[in-house]
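The values are calculated or read from the model by the stated rules, or taken from the named source; none is laboratory data. Just so it is clear, the structure is predicted and the values come from calculations on it, not from any experiment. These accessible areas exclude ligands, DNA and RNA; they are computed on the full protein's heavy atoms, side chains included. Shrake-Rupley method; radii C 1.70, N 1.55, O 1.52, S 1.80 Å.
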Amino acid sequence: MDLQDAGMGTKCVQAGYTPENGGPRQIPIIQSTTFKYDTSEDMGKLFDLEASGYFYSRLQNPTCDYVAAKIAAMEGGTAGMLTSSGQAANFFALFNICSVGDHIVASSSIYGGTYNLIKTTMAKMGIESTFVSPDASEEELSAAFRNNTKVLFGESIANPALTVLDIEKFAKVAHAHGVPLIVDNTFPTPVNLRPIEWGADIVTHSTTKYMDGHGVHVGGAIVDSGKFDWMAHKDKFPGLTTPDESYHGIVYAEKFGKEGAFITKATSQLMRDFGSVASPQSAFYLNMGLESLHVRMPRHVENGQAVAEFLEGQPLVTHVNYPGLPSSPYYEVAKKYMPKGGCGVVSFELKGGRKTAENFMKHLKLAAIETHVADARTCCLNPATSTHRQMNDEELAAAGVPAGMIRISCGLEDKEDLIADLKQALDAAAKA
Ligand SMILES: *Cc1c(COP(=O)(O)O)cnc(C)c1O
């Protein structure tokens with residue numbers, strides 16, 4: 001059976017690795033830096049990208065490749081790769097097409113680390129950026145483009161703002177300008193949303209989150225849809241359409257086609273030179289998480305929805321932000337792209353600012369205070385006293401992170417217990 005056509009559950013469990021007769025049933029952890037060859041000629045072909053095979057685990061490792069192939073199958077892409085973190089995945093995806101003198105258009109509602117990467121660090125590499133509202137109209141989006149714009153970037157569900165990207169609209173504008181759309185699909189995962197089906201060209205992940213789901217590894221992934229025609233925009237993407245002198249003049253888009261060029265270049269050039277490689281052991285843990293992702297995501301969604309609905313009725317709560325609530329401005333767009341729901345992360349604001357928030361969180365017994373999301377165990381965070389601690393109340397309000405805001409990532413516990421925990425902590429905070 002061709003697993004490309006299988007259902008999501010079957011892909012989660014079985015895609016990426018097929019044991020040989022008598023081979024290990026579970027994916028083997030190939031914990032080896034290097035691979036042995038009989039002749040120098042054999043190895044030379046690998047270095048020239050004339051043959052495919054393994055020679056050094058900074059470039060490719062079989063365990064990591066099994067898992068990357070699974071994620072590519074889940075997203076409906078033609079090729080994938082793992083990276084050491086979600087940050088590395090987004091950096092590689094962007095830097096694979098942008099270089100000094102180029103320009104990125106990105107949604108302003110994205111993960112803080114990615115915002116810093118694009119806004120500050122890539123600017124130091126001579127790559128400029130313009131940030132647009134995730135709710136921008138086609139005209140407003142178009143107006144942000146320049147002649148040197150090479151990519152449009154957004155998050156399907158943004159961390160932490162929980163805005164939902166209108167992927168079709170973003171893809172339409174990107175393609176009208178002859179550039180690919182990259183979507184960071186960390187929060188919904190392909191179980192709830194497959195951006196490629198809506199026009200995204202490249203999908204990235206922090207696999208640290210739901211894909212792992214147990215808080216055991218930091219990792220990332222990039223999947224290419226194989227649909228973007230680099231050669232049709234030859235002048236815009238010289239890195240893919242003209243000879244790579246560091247690889248004997250290979251032209252990636254010619255030699256590997258639409259389906260393989262992007263990931264081959266990112267692997268053989270960026271991974272070779274930056275080395276942000278996933279370890280085989282981490283890839284193995286990630287695969288364990290993927291095997292149950294299709295079973296876990298519905299439960300995260302069920303708990304997120306129940307907690308959001310409970311919080312919305314509480315007197316101490318001024319506002320609840322969850323795309324599954326009819327009160328959310330993203331309710332309709334979330335229903336269109338994610339009919340099965342999005343994720344288990346909910347944010348809400350308490351009356352009384354950071355003092356009430358601190359008091360409330362101190363009384364939580366199940367939900368732990370952590371800088372993390374998407375774990376099997378429920379966790380929460382008050383940005384004003386942690387990640388955004390350096391900001392005063394005015395700065396927090398301007399950043400859309402009010403002092404009394406709490407982000408809760410609903411785990412896999414029983415929703416009745418989560419709600420009871422929240423209720424007793426709200427009661428205690430109201431009395432304080
Ligand atoms: C966490 C996260 C990242 C960064 O991933 P790391 O694995 O922590 O490097 C990028 N994008 C999103 C949406 C995230 O939630």
What value does the stretch 212-252 have for Rg/Rh, both radii from Cα atoms and Rh as Kirkwood defines it? 1.24
Give me the distance between the Cα centres of the stretch 1-69 and the stretch 335-369, rounded to whole Å. 41
At 20 °C and 1.002 mPa s, grab the translational diffusion coefficient of the stretch 166-214 from Stokes-Einstein with a Kirkwood Rh over Cα pairs, rounded to a whole number in µm² per second. 190
What are the semi-axes of the equivalent ellipsoid for the stretch 135-178, taken as the square roots of 5 times the Cα gyration tensor eigenvalues, largest first, in whole Å? 20, 11, 9
Please find, in a Gaussian network model of the chain (springs between Cα atoms separated by less than 10 Å), the residue of LYS362, LYS209, LYS36 whose mean-square fluctuation is greatest. LYS36
Hey, what does the equivalent ellipsoid look like for the stretch 226-350, semi-axes from the Cα gyration tensor as sqrt of 5 times each eigenvalue, largest first, whole Å? 44, 20, 14
Solvent-accessible surface (1.4 angstrom probe) belonging to THR356, in square angstrom, nearest 10: 20
How big is the stretch 293-432 on each of its three principal axes, counting only the C-alpha atoms and giving the largest first in Å? 39, 31, 27
Hey, any idea what % of the chain's accessible area is carbon plus sulfur with a 1.4 Å probe? 53
Taking N as the number of residues in the stretch 370-421, what is its alpha-carbon radius of gyration divided by 2.2 N^0.38 Å? 1.32
Given 20 °C and 1.002 mPa s, compute D for the stretch 271-335 with the Stokes-Einstein relation, Rh being the Kirkwood radius over Cα pairs; round to the nearest whole µm²/s. 142
5 Å-binned pair-distance histogram of the stretch 8-108 (Cα, whole percent): 2, 10, 14, 18, 19, 16, 10, 6, 3, 1, 0
Can you give the direction-averaged projected area of the convex hull of the alpha-carbon atoms in the stretch 52-146, in nm²? 7.9
Mind checking the angle between helix 293-312 and the chain's longest principal axis? C-alpha axes, 0 to 90 degrees, to the nearest 10. 30
What whole number of Å gives the distance from the Cα centroid of the stretch 241-312 to the Cα centroid of the stretch 105-137? 20
Each residue of the stretch 257-262 in turn: what ³J(HN,Hα) in whole Hz from Karplus with 6.51, -1.76, 1.60 and θ = phi - 60°, glycine and Pro shown as x? x, 4, 6, x, 4, 4
State, to one decimal in nm², a quarter of the convex hull surface area for the C-alpha atoms of the stretch 75-198, i.e. the direction-averaged projected area. 7.1
Helix 280-290: inclination vs the chain longest Cα principal axis, degrees, rounded to 10, gives 50
Would you mind telling me the antiparallel percentage of the DSSP bridges in the chain, rounded to 5? 60
Find the all-direction average of the projected area of the Cα convex hull for the stretch 356-396, expressing the result in square nanometres with one decimal place. 3.1
When ligands, DNA and RNA are left out and all protein chains stay put, how many square angstrom of accessible area per residue does the stretch 62-171 have with a 1.4 Å probe? 31
Relative contact order [Cα under 8 Å, 6+ residues apart], the chain, whole percent: 15
Binned at 5 Å starting from 0, the alpha-carbon pair-distance distribution of the stretch 130-254 in whole percents comes out as 2, 11, 18, 19, 18, 14, 10, 6, 2, 0
Equivalent ellipsoid semi-axes - Cα gyration tensor, the stretch 76-121, angstrom: 19, 14, 11
Restricting things to alpha carbons, tell me how big the chain is in terms of Rg and Dmax, in Å. 22.2, 76
